[in-house]
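Each value in this text was obtained by applying a stated rule to the coordinates, not by laboratory testing. Owing to the predicted nature of the structure, the values given are computational and were not obtained by experimental measurement. Cβ: placed from backbone, ideal geometry, glycine included. Neighbour counts: every protein chain shown.
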């Protein structure tokens, strides 16, 4: 069995609760070639410059080792959604989708969700009236983004048990663990989930074409401009992307935020006194405990970075979570400072692939965190560190049990 | 060397600093001085009655009526506790006595002087025609108010003389307001002075697509008024005569250096010569340790463009040079930093965001490296002698930082990124700059003055380079 690389070690389950010391070690070599030929980039300047670089491809079809769902010998590969496309197709698909999500064409879509998000948080927290324990992940930070994304997209909430499993399996494809990636049973699970979610989404999009409503998917799949330029397979891929990315990441943001604040009771008290600091605190949670720890890319040409020439066709891992703690970029980088200024973290990426859903994630996390801080009296962590979700790329607790004295109104 | 800088550790934190020029460069220098720990007396002198305001919106949002001109003051980044002399221009400088002379006869003494008097719009060459009611310039708030009032009132046809960035932005606003507009450009394409004819001809197509009556290789022969002195008609070199009631003269800048005549400093309509540390140089080629230069009025040497003195009218340079000047003024020679900011600017016109890094006007080659000219989304890379020296983006600003890093590394040209959006034809073309370049950016005349020679001399650059590495190691 080959020697485990430093990056693989950082992604190991036993290091999930605190990979940061290993990230600090990785940063000593800003661009390091792992024994498997992968290049891991871990410093802020280098990660941010590569996120902008046109020689870097997000398209798995340019990769010698594409993600599992592209490896099915018995089925044609799915059309990539825009997160896995390069220019100019990426920009084109993204613009057609954004038309129904944000400004200038849909300026009210996200801000219009705020009241609804507030009601959902109220309902989820209100269910704990009279109790003194809450599992933040299972009772709030997972169900909230699911309800919100279902509402926004027009996906029936009662289908959640079905897409929860598919989503879980498909996102595990981001796990770099070689023992997983080389396991035929794992690949079979991914092929199956990929096929099933596509059948599900095809039916759902057909329903939106038959009976449009005011949801985003209805608007998108019935838009004549989009219909002229987007294939049915692409519509499916984009809808699946929005559904999965719309909740798998925000859950970590909210959970990591609560966890971090409960580890800093003085800062929690301060935010309770000064709720107007919550938006800045969310940015610091994003920097300090990013929901997405790293992203994979492929080089289209030789690229020289920090004195290392990454050859054409190499796999690179942009270690966002390490870059966010780079002391050359952030003073006191390992400290959580909720009112930090100049906080240009990379947790939503940067460049053309900057997170499509960032505005929605921010609104959800701001409202959820504000209400949790306001309403839970005397909250303490029941277990620290908490158990983590299996996935090292989308890192966050799987349960976060918090004891409290009472729930205020 | 003065009493304040007699050892490596001494900082200049007290005494009197006078800043002539109260716009972006002057204000940001004043703020940076306070940030660096200067606690002495600070005086800002400006020829306009207004406190510092932001100019980029004047030719865009203000003119379009989306932003009232009163809403353009510059954000204050630091408490200044400064003495302001707004509306009283400086008219003279005595280096020997250490004072600035104001138009009202006052003397303002200084221990350190910062020259940040910027530039003004070059007026129409015939004074009688320039005086006609309806012949306007655009540089100041008051200029913008006047032009806005004319556009808001409606006009049968607006004439714009000069197809540079100001001319193009105003033409864009006119079209957005559904006004007929004619742009008269002396050269072969709009924006060609700054971006060359290859990219300029793309800009020409954009303008024509938006209904601009663009006339290149054409000049205005006469502006004709009526008996009441109102502009009525324009005669063009192509033989045409047009009825117009508004003419914007947008034929470039003149640096505000007249007040320095007789001071001994190397100042002319192209600007004030300074060294890499932004210290003014006098006509004999001697460095004036007590006088610094910042913003549009400065002509300074840049390590990436040897043998040139750069002078630019860029917002970001004013801000960056302000920081360099304040740092060098306060911390003194032991901590001098060279001003190595890479020139960059942006424009917004006809729905297109244009951004530039480096100095395209010095290039001999240009090639489209990414995107599509037809979609008006592309990156143009500019080279000189086989090295990348500048890049310009149309609606592709996100790509610019990559090119910026390559310009700073003097990367070889042609570059091949194998980018997914590279056009089928990536062969370099002649960039197409006029043989005699426009005054901005300024190329040193073949026979150099002593001051220009001093500013660009190899020694000065070496000195600058060694200082840069010293300070960056220390920092």
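List of remarks:
- Region A:3-407: relative contact order in percent, alpha carbon pairs under 8 Å with at least 6 residues between: 26 percent
- Nearest 10 degrees, 0 to 90: helix B:141-153 Cα axis against chain B principal axis: 10 degrees
- Helix B:458-474 and the longest principal axis of the Cα set of chain B meet at an angle near 80°.
- In this simple spin-label model, placing a label point 7 Å from the Cα along the Cα-to-Cβ direction at both residue A:342 and residue A:12 gives a separation of 3.7 nm.
- Our note on the geometry: Cα centres of region A:343-409 and region B:234-260, 60 Å apart.
- Legend: ranking of residues A:128, B:453 from fewest to most surrounding C-beta atoms inside 10 Å; resulting order B:453, A:128.
- The fewest-to-most ranking of B:77, A:153 by surrounding Cβ atoms within 10 Å reads B:77, A:153.
- Relative to one another, the C-alpha centroids of region B:345-383 and region A:130-186 are positioned 44 Å apart.
- Chain B, relative contact order in percent, only Cα pairs under 8 angstrom and at least six apart counted: 15 percent
- At an R0 of 35 angstrom, the distance between the Cβ atoms of residue A:106 and residue B:178 translates into a FRET efficiency of 0.85.
- DSSP bridge orientation in the protein assembly as shown - percent antiparallel, rounded to nearest 5: 70 percent
- Placing a label point 7 Å from the Cα of residue B:374 along the Cα-to-Cβ direction, the residues of region B:395-425 whose backbone N falls under 13 Å from that point are B:423-425.
- Gain on full stretching of the segment that runs from residue A:180 to residue A:270 - 0.36 nm per residue minus C-alpha separation: 28.1 nm
- Counting Cβ atoms of other protein chains within 10 Å of each Cβ in B:401-410 and taking the mean gives 3.
- C-alpha center-to-center spacing [region A:221-249, region B:98-125] in angstrom: 61 Å
- Estimated 222 nm signal from helices in chain A, with DSSP H stretches of n ≥ 4 weighted -39500 (n - 2.57), rounded to 500: -13500 deg cm²/dmol
- Relative contact order of region A:283-409: 24 percent, from C-alpha pairs under 8 Å at least 6 residues apart in sequence.
- Set of region A:81-122 residues, backbone N closer than 19 Å to the point 7 Å along the Cα-Cβ line of residue B:66: A:99, A:102-108
- Ordered by the count of other Cβ atoms within 10 Å of each Cβ, fewest first, B:161, B:166, A:337 give A:337, B:161, B:166.
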